[in-house]
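Notes follow once the structure below has been shown.
The values are calculated or read from the model by the stated rules, or taken from the named source; none is laboratory data. Note that the coordinates shown come from a computational prediction; the quantities given were computed from them, not determined experimentally. Here the Cβ positions follow ideal geometry from the backbone for every residue, glycine too, while neighbour counts run over all protein chains shown. For accessibility, only protein heavy atoms count, side chains too; no ligands or nucleic acids. Shrake-Rupley method; radii C 1.70, N 1.55, O 1.52, S 1.80 Å.
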Amino acid sequence: MRRVLLLMKINKITTSKTWRSSLVFIAAALFIVLISAVQYYYARDMLEDQLDYRALGELRSKSSRLSNTLKQAEQTLNEHLWDIRRNINNPDSMYNVTKRLLNVNEMLVGSCICFAPDFYPEKGRLFEPYAYKQNGKVNVVQLCADGLHDYTQNPAFIQVVETKEPFWSTPYEYTDSDGKTMSLTTYSFPLLSKNGKVLAVVGLDLSLSWLGDRLNRSHIYPSSYDIFLTPEGKYITGPSSNEIAPANERVRVMNMVNDSTLKKFSFSNGKFKMFEFVDDYEKLCYVYHTKMEDEPYWQIAVICEDNEVYGKLYSMSRFMLIMTIIAWLIMGIIIWRAIKGHIRLQQADAERQQIENELSIARKIQEEMLPKTFPPYPERKDIDIFGSLTPAKEVGGDLFDFFLSDEKLFFCIGDVSGKGIPAAMVMTMTHSLFRMATSRDDNPASIMQNINETFCKGNNSGMFVTMFIGILDLTTGKLRYCNAGHEIAFLVSEENTRPLDLIANMPIGVFSDFKYESQEEVMESGTTLFTYTDGLTEAMNEERKRYGIARVEEAITSSLSIMPKDLITHIDKDVHKFVKEAPQSDDLTMLAIKYNRN
């Protein structure tokens, strides 16, 4: 009897332990499931926020690029108005004027000048020279030669004559002589006399197919794409390939954008909107759309697939669930905890390594953007250049650049407020804006103006850039420059060192309507221009004392050579001697240009 009672007690204890173990395993499994659910929720929430951020950034970027494209066309016309007025007394020269408009701007496919009736009596009542691109060539024709074409009845001509204001037309279809149909939009501009009379209406035709493909070259996700609609919601353009965006899907998106009854989420005080739909392949898609803030107020929509946004999250969630079940069944609580800790350590190390790799790649990309071959023009004897950039962190916000064009040296140096990745992103954008602006302009103040206006659009972060832009004419030594709140530059010769006279223009990114002023200086042969960022003057030693402008001038004066490389090397050694072991507090950039007149 005593033996039976003992066995019953042991069995009871064993059963109790088994239940406790089972409850511990179940509780651990439920806890793991709960953790996975929370992780999934927060990961999806982060990806959703990232999708919103990237999509809105895409819309802002494409809106800016579209606006810039249209403004480039308008600028092309503005830059050739003098050509029209100079040759206006010679009607036959107008053919060449329309050709020149197309030759200087690759995005234009046609240009015309519709003169007021009887402007050239010898040419008849109507005279419209028209240039168009066909098979890689520019052809010209007089559209009214057969007497069948009367542009005075064209609504665009009538509108411009009545309002005397330029405008972009509603997109339309045009069939050329080869039977090829193109989607176009036309910029119509009134050519006025001194007393305000309309002498002619100048038109520029822009290919919307070309524009749609150009704006669809890059996207936030591989399969995403952009479409463009009129303010009334009619389709304008998008990617030309049906594989990227099938025609029926574009129609569906267009109809949903125009559907005021469809539930949509709003961002930025209603400027941006988002809705969902399922495509023909049963894939969930997201559509973000907005309207341009400037003329012609077109609508822009970006379409993204759910699988590309959350696909990795779905795969990771399934994988983690399977691994959790296997770990729970095989290893138990203790081993599962060990694996979980090990996985966390691995994830943390991988994330750290990924961040380090990404920062390293970012730095390499930054370095590739800036000049790194010195001397850059070894075959030239009239110019010698050397520059250096030492970031305070893995990536920096300083920049310098230069290039030769038409015997002129275009160069710049700039300093973005702040440091690290945000400053590096702004630095990259500023560098691109400098290259874009100088490709069509050689006025430093105008270049700075264009950079500032583009930079200020969407600059909600409050960041700004101090910048010095110069254009040196290598045939005369005349230096035209514009300084936007940047550090004092020096002119160095064998005889003396003196600061360059600078107007206190505002930094880039402060006021979009600020008017910049250019200055001029003639560089004597054998003179070196030395520029730098505030990382030089604000370099601090261990006693928190700054290097300062006085030491910069002393270092320049004490240099045994004014050759750019020797000068910058000497100043760099002097700075390191001053700061000793103190950590670098800011990006340090120097650029020296020596001019030797042939």
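Summarising the amide proton neighbourhood of residue 237: residues at separation of 5 or more, or on other chains, whose placed amide H is nearer than 5 Å comprise 228. Oblate is the label for region 442-598, because a/c, from the alpha-carbon gyration tensor with a ≥ b ≥ c as root eigenvalues, is 1.5 or above and a/b does not exceed b/c. For the residue pairs 312/457; 62/137; 393/515; 408/594; 263/457, the alpha carbons lie more than 23 Å apart in 312/457; 62/137; 393/515; 263/457. Accessible area of residue 426 (1.4 Å probe, protein heavy atoms only, ligands and nucleic acids ignored): about 20 Å². When the inverse distances between all different Cα atoms of region 85-128 are averaged and flipped, the Kirkwood radius reads 11.3 angstrom.
Each 5 Å bin from 0 upward holds the following percent of the Cα-Cα pairs of region 435-482: 4, 19, 26, 21, 15, 8, 4, 2, 1.
3J(HN,Hα) couplings calculated from phi for region 419-424 with the Karplus curve 6.51 cos²θ - 1.76 cosθ + 1.60 (θ = phi - 60°) are, in sequence order, 9, x, 4, x, 5, 5 Hz; Gly and Pro show x.
Highest mean first, the peptides 151-158, 100-107, 196-203 sorted by other C-beta atoms within 10 Å per residue fall in the order 196-203, 100-107, 151-158. Ellipsoid fit via the Cα gyration tensor, region 555-594: semi-axes of 20, 12, 6 Å, each the root of five times an eigenvalue, largest first.
Solvent-accessible surface (1.4 Å probe) assigned to residue 576 amounts to roughly 110 Å². Taking 290, 557 and ordering them by how much accessible surface each has at a 1.4 Å probe, largest first, produces 557, 290. The heavy atoms of residue 234 present about 130 square angstrom of accessible area, all protein chains included, probe 1.4 Å. How tilted is helix 247-258 with respect to the longest principal axis of the chain? Cα atoms for both, answer in degrees (0 to 90, nearest 10). The answer is roughly 90 degrees.
Rolling a 1.4 angstrom probe over the protein heavy atoms with all chains in place gives the chain an accessible area of 54 Å² per residue.
Computed over protein heavy atoms with a 1.4 angstrom probe, the accessible surface ordering of 556, 326, largest first, is 326, 556. Remark on region 199-257: hydrodynamic radius 12.7 angstrom, per the Kirkwood mean of 1/r across alpha carbon pairs. The share of accessible area on region 221-333 that comes from carbon and sulfur is 58 percent, using a 1.4 angstrom probe.
From helices alone, the chain scores -14500 deg cm²/dmol at 222 nm; the rule is -39500 (n - 2.57) for each run of n ≥ 4 DSSP H residues, then divide by the residue total.
Any chance you could give the angle, 0 to 90 degrees and rounded to 10, that helix 548-558 forms with the longest Cα principal axis of the chain? Result, in degrees: 60. Entry note: the chain has Rg to Rh equal to 1.11, where both radii use alpha-carbon atoms and Rh is the Kirkwood radius.
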